[in-house]
Amino acid sequence: MAKRVHRPREDAEFDFILGMSSVPVLAYFTGTWPKAIEPCREMDLVVGDIADDYTGRLTIVRTDITRCPAATGRYGITGAPSCLLLKEREAVAHGTGPMTITEVRKFLDSHL
(Lines give C-alpha, C1' and ligand atoms only; values in the text may rest on other atoms or scores of the structure.)
Protein backbone atom coordinates (compact mmCIF):
# COMPACT_ATOMS: atom_id res chain seq x y z
CA MET A 1 0.00 0.00 0.00
CA ALA A 2 1.35 3.39 -0.94
CA LYS A 3 2.28 5.98 1.66
CA ARG A 4 -0.55 8.23 0.47
CA VAL A 5 -2.90 5.91 2.38
CA HIS A 6 -2.61 6.21 6.18
CA ARG A 7 -2.69 3.02 8.23
CA PRO A 8 -3.32 3.81 11.91
CA ARG A 9 -2.12 1.21 14.40
CA GLU A 10 -4.63 2.20 17.09
CA ASP A 11 -7.63 4.40 17.82
CA ALA A 12 -5.53 7.32 19.09
CA GLU A 13 -3.64 7.43 15.79
CA PHE A 14 -6.92 7.23 13.83
CA ASP A 15 -8.28 10.18 15.82
CA PHE A 16 -5.04 12.12 15.32
CA ILE A 17 -5.24 11.68 11.53
CA LEU A 18 -8.86 12.85 11.52
CA GLY A 19 -7.96 15.86 13.64
CA MET A 20 -5.05 16.87 11.42
CA SER A 21 -6.92 16.56 8.12
CA SER A 22 -8.05 19.82 6.55
CA VAL A 23 -9.97 17.91 3.86
CA PRO A 24 -12.64 15.19 4.04
CA VAL A 25 -11.48 11.72 5.09
CA LEU A 26 -12.23 8.43 3.38
CA ALA A 27 -11.94 5.84 6.14
CA TYR A 28 -12.24 2.37 4.74
CA PHE A 29 -12.50 -0.36 7.31
CA THR A 30 -10.93 -3.76 6.75
CA GLY A 31 -10.95 -7.07 8.56
CA THR A 32 -8.67 -10.06 8.87
CA TRP A 33 -11.18 -12.86 9.38
CA PRO A 34 -11.37 -15.40 6.54
CA LYS A 35 -14.49 -14.11 4.74
CA ALA A 36 -13.23 -10.50 4.82
CA ILE A 37 -9.66 -11.00 3.59
CA GLU A 38 -10.28 -11.20 -0.17
CA PRO A 39 -12.88 -8.39 -0.39
CA CYS A 40 -10.61 -6.17 1.72
CA ARG A 41 -7.64 -6.89 -0.56
CA GLU A 42 -9.80 -5.88 -3.51
CA MET A 43 -10.61 -2.58 -1.77
CA ASP A 44 -6.91 -2.01 -1.07
CA LEU A 45 -6.24 -2.21 -4.81
CA VAL A 46 -9.16 0.04 -5.73
CA VAL A 47 -8.30 2.70 -3.18
CA GLY A 48 -4.62 2.53 -4.11
CA ASP A 49 -5.55 3.08 -7.76
CA ILE A 50 -7.59 6.22 -7.06
CA ALA A 51 -5.50 7.76 -4.28
CA ASP A 52 -3.42 9.97 -6.59
CA ASP A 53 -6.54 11.38 -8.23
CA TYR A 54 -7.82 12.70 -4.90
CA THR A 55 -4.54 14.07 -3.52
CA GLY A 56 -5.20 17.40 -1.84
CA ARG A 57 -8.96 16.81 -1.83
CA LEU A 58 -9.15 13.78 0.43
CA THR A 59 -7.25 12.04 3.21
CA ILE A 60 -7.43 8.25 2.94
CA VAL A 61 -7.24 6.06 6.03
CA ARG A 62 -7.16 2.25 5.87
CA THR A 63 -8.59 1.23 9.22
CA ASP A 64 -8.25 -2.29 10.60
CA ILE A 65 -11.35 -3.07 12.65
CA THR A 66 -9.39 -5.04 15.27
CA ARG A 67 -6.77 -2.30 15.73
CA CYS A 68 -9.30 0.55 15.98
CA PRO A 69 -12.31 -0.88 17.83
CA ALA A 70 -13.43 2.46 19.29
CA ALA A 71 -13.55 4.12 15.85
CA THR A 72 -15.32 1.07 14.46
CA GLY A 73 -17.98 1.28 17.16
CA ARG A 74 -18.29 5.08 17.06
CA TYR A 75 -19.19 5.01 13.37
CA GLY A 76 -21.38 1.89 13.53
CA ILE A 77 -19.20 -0.25 11.31
CA THR A 78 -20.48 -3.82 11.37
CA GLY A 79 -18.62 -5.47 8.49
CA ALA A 80 -15.63 -5.25 6.24
CA PRO A 81 -14.92 -3.78 3.87
CA SER A 82 -16.87 -0.63 4.67
CA CYS A 83 -16.24 2.89 3.39
CA LEU A 84 -17.04 5.98 5.40
CA LEU A 85 -16.68 9.55 4.17
CA LEU A 86 -16.10 11.96 7.03
CA LYS A 87 -16.23 15.75 7.02
CA GLU A 88 -15.04 17.35 10.23
CA ARG A 89 -15.25 13.93 11.92
CA GLU A 90 -18.94 13.56 11.00
CA ALA A 91 -20.05 10.74 8.70
CA VAL A 92 -21.66 12.06 5.51
CA ALA A 93 -21.75 8.81 3.52
CA HIS A 94 -21.37 5.10 4.24
CA GLY A 95 -20.90 2.20 1.85
CA THR A 96 -20.50 -1.49 2.61
CA GLY A 97 -18.96 -4.36 0.73
CA PRO A 98 -16.30 -4.32 -1.96
CA MET A 99 -16.67 -1.54 -4.53
CA THR A 100 -15.26 -1.11 -8.01
CA ILE A 101 -13.17 1.90 -8.98
CA THR A 102 -16.21 3.40 -10.71
CA GLU A 103 -18.38 2.88 -7.61
CA VAL A 104 -15.81 4.44 -5.28
CA ARG A 105 -15.40 7.46 -7.58
CA LYS A 106 -19.17 7.92 -7.73
CA PHE A 107 -19.41 7.52 -3.93
CA LEU A 108 -16.74 10.18 -3.41
CA ASP A 109 -17.66 12.61 -6.18
CA SER A 110 -21.27 12.83 -5.06
CA HIS A 111 -20.12 14.12 -1.65
CA LEU A 112 -16.95 16.11 -2.32
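The values are calculated or read from the model by the stated rules, or taken from the named source; none is laboratory data. Keep in mind that this is a model prediction, so the values were computed, not measured. Cβ placement follows ideal geometry from the backbone for every residue including glycine, while neighbour counts extend to all protein chains displayed. These area figures cover heavy atoms from the full protein model, side chains too; ligands, DNA and RNA do not enter into them. Shrake-Rupley method; radii C 1.70, N 1.55, O 1.52, S 1.80 Å.
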Completion exercise
Output for Cβ contacts, cut-off 6 Å, separation at least six or different chains, first residue touching a residue at least 60 places away in the same chain (Cβ under 8 Å) in region 37-66, second of a type outside the set (A, V, I, L, M, F, W, C) and open to solvent by 80 Å² or more (accessible area, probe 1.4 Å), reads R62/R7
Practice task
Look at A12 and say whether it is touching a strand residue (DSSP E or B) at 6+ places or on another chain (Cβ under 6 Å), modelled with pLDDT of 95 or more and either open to solvent by 100 Å² or more (accessible area, probe 1.4 Å) or at negative phi (or both).
Solution key: no
Problem - Restricting region 33-63 to residues that are in contact with a helix residue (DSSP H, G or I) (Cβ under 9 Å, 6 or more places away or on another chain) and not in a helix (DSSP H, G or I), the residue that is most open to solvent (accessible area, probe 1.4 Å) - result: R57
Exercise for the section: Would you confirm whether any residue within region 20-32 is of a type in the set (A, V, I, L, M, F, W, C), open to solvent by 30 Å² or more (accessible area, probe 1.4 Å), over 16 Å from V5 (Cβ atoms) and over 14 Å from the mean Cα position of the chain (by Cα)? Expected result: no
Completion exercise
F107: passes all of (1) closer than 17 Å to V25 by Cβ; (2) out of contact with any Gly (no Cβ under 7 Å at 6 or more places or on another chain); (3) not in a strand (DSSP E or B) but (2)
